[in-house]
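Input: a single structure, listed below in structure tokens.
Only the coordinates and a few stated rules stand behind these numbers; no lab work does. Keep in mind it's a predicted model, so treat the numbers as computed, not measured. Cβ placement follows ideal geometry from the backbone for every residue including glycine, while neighbour counts extend to all protein chains displayed.
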Amino acid sequence: MFFHRKTKELDEDPCSSYQVLCGIEEEFLIINNKNGTLVNAADDLMVRAAEILERDNRRLDFLQLKIRGLDAEPSPSQIEYVTLPLPPKDIAEAVVAGRKLLADAANQLEYKLFSQSLHPIQSDPHPMCGTHINVSVQRKGGFMNVEELAAVHDYLWNYLPELIALSANSPVYQGSRTNIASNRINNSTVLKPNGSAQIQIPQRTAALVPMQYYGRMRYTLRLAGEAVKKVITNPRGERLVDITPRGPLTNIGEDEDSSLMTNRVEVRIFDIQQDHEYLLDLAYLCCVSALHAIYLHNTGDITPDLNHRTNVERAVYNGMKAYLIRNKSEEESIEKSVTRWVSETEKYQEMLGVKIQSLPKRISDYDQAELEADFKTKKIEELRQQGKIYAVVQLNKSRTITDKRGRKYGISRGTQVQGILSVDYELTYQEKDGIVTNFDGIRIINTLDVQGIKIPLVNRDRILTALSRSDHLSRSLFGGFGF
């Protein structure tokens, strides 16, 4: 295997005395089932899911053995389910059940779950979704120690480019298909690159411990307590990174008081997968790799990939088409690397009772294509995209508008109206098992927002003035009028 320096032989594989636990956190966007746009309904889905389970005790009893719960994300148009730490062979039932609970709650409220990391129009860069896979490997009856935690982390850290390439499926960003396989990773503000693991030997002195406190990095001073070795992958103890060890044997402040049984490695780089069986293959690969890491740790040292940063960047941009740097000048395709990787870990599939079905082949049927837009007012939309949103419009024909209270007003032809250029979207989509997989068409309708009332614009409406935010502010301050 690459990234391994062998120093001794073993009479038998020690992994038979270990167990593996896997937990999955899978986030989804929530969209309006009528037009495919984002809707702020996470709390509503929580309430409806609770009502569903109150009416179905058998379903509740089953889910309590598989799912820890549902969580809201920073954006109210996002929601996730989180599985319990489970043996790999039990993860499939948890993923299916978690997805179905969210889909049922959404459908009853006339919403849909959207199984992509980015909304092709409305992610800018947020909201964005991802899947986190957590893996713990421990001796039966014990917990994952510092050396094991470092070994599993470094094994998966070395293979992060392959995992990125296998899961990358967010090529469309802000309406256009880019040359980037995972725009989620490329544009994320929280998936910071982490380093390989170092084991910190405790010192018998006062210790400054970094920790997040109300969104700021602060310190706490420890004067007493049991001195233990810890796994360090970055000095600040950040957890919002691409991959990290977790648990009290790390320097992540919020994990300090957790149970030793929570020691694990968290991989956060996965794009959302439309096909749950492909997601399971990715999870299984992480699980069998954890066992392989324990074996390699017992036979020598896992060494870091010296080309890691470059290889990650190539995977983010090129996905399965990427070539990785091996040694100083050799290159290897992602497909060849993954084929060898799966082969090297095949015996651990049998040990864990799982079967990787599709890797290294990517499921490309669900990759979002660039959307052909149907514009009603293309020139007006071009102005809006240029940031010229403060406008005076002369209406080419009369129209009737309705306010929030349902009252109707008529506006005659030739009227000049001052407001803010906005846009409404109507997207058509494909779905599978009650979850939207892809959008296949989009209609763009520009409006002029006037004190909370939207006036739909038509092709022959005339823009008399259009200002950017800064120009509008300057005229407001120094010219007396915003226009």
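Taking the longest Cα principal axis of the chain as reference, the axis of helix 334-344 is set at about 40 degrees. Using equal-weight Cα scatterers in the Debye expression, the normalised intensity of the chain in log10 at q = 0.07, 0.10 Å⁻¹ is -0.46, -0.84.
For region 21-140, the Stokes-Einstein estimate of translational diffusion at 20 °C and a viscosity of 1.002 mPa s comes to 145 µm²/s, using the Kirkwood hydrodynamic radius over alpha-carbon pairs. The Kirkwood radius of region 103-194, taken over pairs of alpha-carbon atoms, gives through the Stokes-Einstein law at 37 °C and 0.692 mPa s a diffusion coefficient of 206 µm² s⁻¹.
Residue exposure proxy: His292, His308, ordered by other Cβ atoms within 10 angstrom of their Cβ from fewest to most, comes out as His308, His292. Here the average projected area of the convex hull drawn through the C-alpha atoms of region 373-478 stands at 8.7 nm². Kindly identify region 254-315 as rounded, prolate or oblate by the Cα gyration tensor criterion: order the square roots of the eigenvalues as a ≥ b ≥ c, call it rounded if a/c is under 1.5, otherwise compare a/b with b/c, prolate if a/b is larger, else oblate. Verdict is rounded for region 254-315. Where Rh is the Kirkwood radius over the Cα pairs of region 77-121, the temperature 25 °C and the viscosity 0.890 mPa s, what D in µm²/s does Stokes-Einstein return? Answer from the Stokes-Einstein relation: 205 µm²/s.
Mean residue ellipticity at 222 nm, helices only, the chain: -8500 deg cm²/dmol; runs of at least 4 DSSP H residues each add -39,500 (n - 2.57), and the sum is divided by the number of residues. The alpha carbon radius of gyration of region 111-165, expressed as a multiple of 2.2 N^0.38 Å, is 1.69.
Counted over all Cα-Cα pairs of region 304-349, pairs farther apart than 15 Å make up 48 percent. Entry note: region 286-419 has Rg to Rh equal to 1.34, where both radii use alpha-carbon atoms and Rh is the Kirkwood radius. In nm², what is the average projected area of the convex hull enclosing the Cα atoms of region 186-334? Its average projected convex-hull area is 11.7 nm².
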